[in-house]
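Okay, structure first, notes after.
The values are calculated or read from the model by the stated rules, or taken from the named source; none is laboratory data. Everything numeric in this text was worked out from a predicted model, so none of it was measured. Cβ placement follows ideal geometry from the backbone for every residue including glycine, while neighbour counts extend to all protein chains displayed. Note: areas computed on protein heavy atoms with side chains; ligands, DNA, RNA excluded. Shrake-Rupley method; radii C 1.70, N 1.55, O 1.52, S 1.80 Å.
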Protein chains: 2
Amino acid sequence: MTIRQTNPPFMSGVPELLVLRLLARQEMYGYELVKAVRVVTSEAIRLGEGVIYPVLHGLERNGSLSARRKAVNGRTRVYYSVTPTGQQRLDRLAGEWERIKNGIQSVLESPQNA
Amino acid sequence: MTIRQTNPPFMSGVPELLVLRLLARQEMYGYELVKAVRVVTSEAIRLGEGVIYPVLHGLERNGSLSARRKAVNGRTRVYYSVTPTGQQRLDRLAGEWERIKNGIQSVLESPQNA
DNA sequence: TAAACTTACTTTGCCTTTCGAGGCATGTCA
DNA sequence: TGACATGCCTCGAAAGGCAAAGTAAGTTTA
């Protein structure tokens, strides 16, 4: 029984990139991130909690984020910030995005027929 | 039994966009498209046949592409070209891509801390 | 004060897209 | 003859992303 190994889809990991980038700017908690993504992208991108929280947990697990709990108004918030490892990951993802974006752009800008 | 309806992932449909855009430039066949994507994107994006062919079939099925078979060197090539319907779809996808891209860009350009 | 909404975190289960790999057939080059 | 390129097609799996719902506590409103 051999395990079939597939690469992740070439456009994936953008939510991760966005989360890392926002957290590099400023420490935030999950629910805040959900709203920040909508606001900063002018509603162009809306990531629900079903996306954000799993991403946060994954990034924390692999050492890209560190978390600290903080009680505010009787509620608990989990604030995340980017570790040095996370900064490396952010740099790498940003570079990949740049390549992909430029690739797509060069297709879109290719001269049209008609 | 209720059917759960999920939206497509927000970044999806890029292969479709690329295929439509390349075919709007010039009639092509599947195998040629596989290589064209790699070349035009300078290897940044590599879509295999397992991606390209299903996309072509889907686009043909919904009227975005028309196909004509042509025998060359004893082999059969299926050339695809973009229909008016396909042009509309291309315009729509290009617009969506623009919005998403700008959204991501505005996150990436947000001022950094540190 | 009850209803309704917001904040805040978490998880489940599904669906779609994408992916690698393989199969088939012909042609060319060494 | 073997290896490699052309050209088409499809299967099975993985992962990523998604809506929805559950929990719980605070706030607003009627």
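If you bin all the Cα-Cα distances of the stretch A:70-112 at 10 Å, starting from zero, the percentages per bin are 23, 23, 21, 18, 11, 4.
Relative to the longest principal axis of the Cα atoms of chain B, the long axis of helix B:49-61 lies at roughly 80 degrees. Ascending distances from the residue A:31 label point to its copies in the other chains, with the point 7 Å along the Cα-to-beta-carbon line: 5.8 nm.
Between the Cα long axis of helix B:84-108 and the first principal axis of chain B there is an angle of about 30°, rounded to the nearest 10. A straight line joining the Cα centroids of the stretch A:72-114 and the stretch B:63-110 runs 24 Å. Cross-link partners of residue A:101 among lysines, defined as those whose alpha carbon lies under 25 angstrom from its own and excluding same-chain residues fewer than eight positions apart: A:35, B:35, B:101. Placing +1 on the Cβ of every Lys and Arg and -1 on the Cβ of every Asp and Glu, with no other charges, gives chain B a dipole of roughly 440 debye about its Cα centre.
Helix A:30-40 and the longest principal axis of the Cα set of chain A meet at an angle near 40°. Once Lys and Arg get +1 and Asp and Glu get -1 on their Cβ, which of B:95, B:74, B:108 lies farthest toward the positive end of the dipole of the stretch B:64-114? Sorting the options by dipole projection puts first B:74. Taking the accessible area of chain B, probe 1.4 Å, and keeping the other protein chains in place, the carbon and sulfur fraction comes to 49%. With coordinates expressed along the principal axes, the C-alpha atoms belonging to chain B extend over 63, 47, 26 Å, beginning with the largest.
Gain on full extension, evaluated as 0.36 nm per residue between residue B:83 and residue B:96 minus their Cα-Cα distance, stands at 2.7 nm.
Against the empirical 2.2 N^0.38 Å (N residues), the protein assembly as shown has a Cα radius of gyration ratio of 1.21. Accessible area lost on pairing A with B, both sides, 1.4 Å probe, Å² to nearest 100? By this definition, chains A and B bury close to 3100 Å².
Residues within the reach of a label modelled at residue A:68 (point 7 angstrom out along Cα to beta-carbon, backbone nitrogen below 12 Å), restricted to the stretch A:10-53, are A:27-28.
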